[in-house]
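Below is one structure, written out as structure tokens; the observations come after it.
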Amino acid sequence: MSSGCTTYKEHYVSLDSRHRNRTIWPSSSQYSISISSNIFFDGTPPDSYYKSVRTVEVIDVTYPNRNNVVNEMYLYLCIPEIGGVFDATSSTGSNAIAKLVPTKLMGEYAFVQYEKSQRPYKCFNFATNKEISTLTVEFRKNDGSLFNFGTENTSNLPLNPVLQTNVTLRVCTQW
């Protein structure tokens, strides 16, 4: 993709709680993924980080339909490395990149998918050379507390698939 003399590269990033360090991050409602320490599906290592980030968009989010999550009016998706996009009456809302209201329930999961024209996104100023090497995913209630999907604090046991989350982002970088 290009705009005038500037060329952009699109990166589609899947942040999957199954790839978190469960000893450090026992809950799938908060975890950090280091881009440089993960290997892409095709076996190639990614760049150590995304350089000259211009925009980050939320494409879709999947999270467990557990602990009465559908009784919450909404959850906030916070990714501190990206920051918030809302002018909100709460600090949690101001720090969120997306407000999560399920668009459908699929088995054990709530699913949020945004139409292209309605995707939450964050733009970074061209003067800012925004770099992202780690992304921390947080599912927060309106009061700022983490939603509790359940805990898996033993890394040597198999993952419980119904406790996992996934966030798909589109990251555009300048070349």
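Each value in this text was obtained by applying a stated rule to the coordinates, not by laboratory testing. Bear in mind the structure is a predicted one, so any value in this text is a computation, not a measurement. Here the Cβ positions follow ideal geometry from the backbone for every residue, glycine too, while neighbour counts run over all protein chains shown.
Our summary of shape: the Cα atoms of the stretch 60-104 have principal axis extents of 27, 20, 17 Å, ordered from largest down, in whole angstrom.
Counting only lysines at least 8 places from K51 when in the same chain, those with an alpha carbon closer than 23 Å to its own are K9, K122, K130.
What is the sum of charges around N95, taking Lys and Arg as +1, Asp and Glu as -1, for the other residues whose C-beta is under 14 Å from the C-beta of N95? Please report the intermediate quantities before stating the final value.
Details: positive: K99, K122, R140, K141; negative: E81, D87, E138, D143.
Around N95, the surrounding residues sum to 0.
Enumerate the residues in the stretch 112-126 having an amide nitrogen under 15 Å from the point lying 7 Å beyond the Cα of K51 toward its Cβ. No residues fall inside that zone. The calculated FRET efficiency for M106 paired with K9, based on their beta-carbon distance and R0 = 25 Å, is about 0.20.
Multiply the residue gap between R170 and E72 by 0.36 nm, knock off their C-alpha separation, and tell me the result in nm, one decimal place.
Gain on stretching R170 to E72: 32.6 nm.
Each of S94, S28 was scored by other Cβ atoms within 10 Å of its Cβ. Listed from fewest to most, they are S94, S28. I want to make sure I understand the PRE zone here: with the label point 7 angstrom from the Cα of K116 toward its beta carbon, which residues in the stretch 50-79 have backbone N atoms less than 16 Å away? Within reach of a label on K116: 57-60.
So what is the 222 nm mean residue ellipticity for the chain from helices alone, if each DSSP H run of at least 4 adds -39500 (n - 2.57) and you divide by all residues, rounding to the nearest 500 deg cm²/dmol?
On the way: 1 runs with 4 residues, N = 175.
Dividing the helical sum by the residues of the chain leaves -500 deg cm²/dmol.
Extending 7 Å from the Cα toward the beta-carbon at both L159 and D60 defines two label points whose distance is 1.7 nm.
From the Cα gyration tensor of the stretch 84-168, with a ≥ b ≥ c the square roots of its eigenvalues, which class applies: rounded if a/c is under 1.5, or else prolate if a/b is larger than b/c, or else oblate? If you can, show how the numbers build up before the last one.
Values: a/c = 1.74, a/b = 1.50, b/c = 1.16.
The shape class here is prolate.
Neighbour counts of other Cβ atoms within 10 Å put V112, V167, V13 in the fewest-to-most order V13, V112, V167.
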